[in-house]
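Peer 1: First, the structure itself, so that you have it in front of you.
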């Protein structure tokens, strides 16, 4: 009845199908690679960053100041570009690894009971260590009292007696001119003492 095909023919057909399948998959994979380079976003590597460690100590005795606010203000073309705030640990240290090498940064340190510190730095090394000595607040300078170490100011205003009356009557606040004729015709309040004219000499 039916003849069976030869086994060598079966092997040849299977081999040719396998070769066609391999060729098709290679062509398809190379086409996908070509398309993905055209459509995908370009990867831009982040710029190198520096390791910056700030140590905050007291100017008087060199002990660390803990829980001080260390604020980094990155500067772009001399202008503030946001900020990053850290707190110092019990050793008075705050560490950051996000500052771009070669950039400028304004460092500000705020701690209760100390003067606020602020200074600009250039981040030009891979590892930077900054030590800040915080001072206690000084007394405010006033021109009205004698300050220690400063001569008394000669241009301070003369002290007027406290019980002296002003030499001119108060001007109206809205800038209107006071009508003296209307004041002369106005009824006088008898409860107020009146200015009497000076006696003739």
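The values are calculated or read from the model by the stated rules, or taken from the named source; none is laboratory data. A quick note: this is a predicted structure, and the numbers were derived from the prediction, not measured. Quick reminder, even Gly has a Cβ in these numbers, built from the backbone with ideal geometry, and neighbours come from all protein chains shown.
Peer 1: Return the only residue of 133, 145 being at pLDDT below 90 and either loosely packed, with under 11 Cβ neighbours inside 10 Å or more than 24 Å from residue 79 (Cα to Cα) (or both).
Peer 2: Exactly one residue qualifies, and that residue is 145.
Peer 1: Right, something else. For segment 95-122, enumerate the residues that are surrounded by fewer than 16 Cβ atoms within 10 Å (Cβ to Cβ), without any contact (Cβ under 8 Å) to a residue 24 or more places away in the chain and assigned to a strand (DSSP E or B).
Peer 2: 118, 119, 122
Peer 1: Give the residue that is modelled with the lowest pLDDT, with candidates limited to residues of segment 22-80 that are closer than 19 Å to residue 122 by Cβ, in contact with a strand residue (DSSP E or B) (Cβ under 6 Å, 6 or more places away or on another chain) and loosely packed, with under 13 Cβ neighbours inside 10 Å.
Peer 2: 80
Peer 1: Run down 164, 150, 139 and say which single residue is modelled with pLDDT of 80 or more and in a loop (DSSP other than H, G, I, E, B).
Peer 2: On the way: 164 fails: modelled with pLDDT of 80 or more; 150 fails: modelled with pLDDT of 80 or more.
Only one candidate passes the filter, namely 139.
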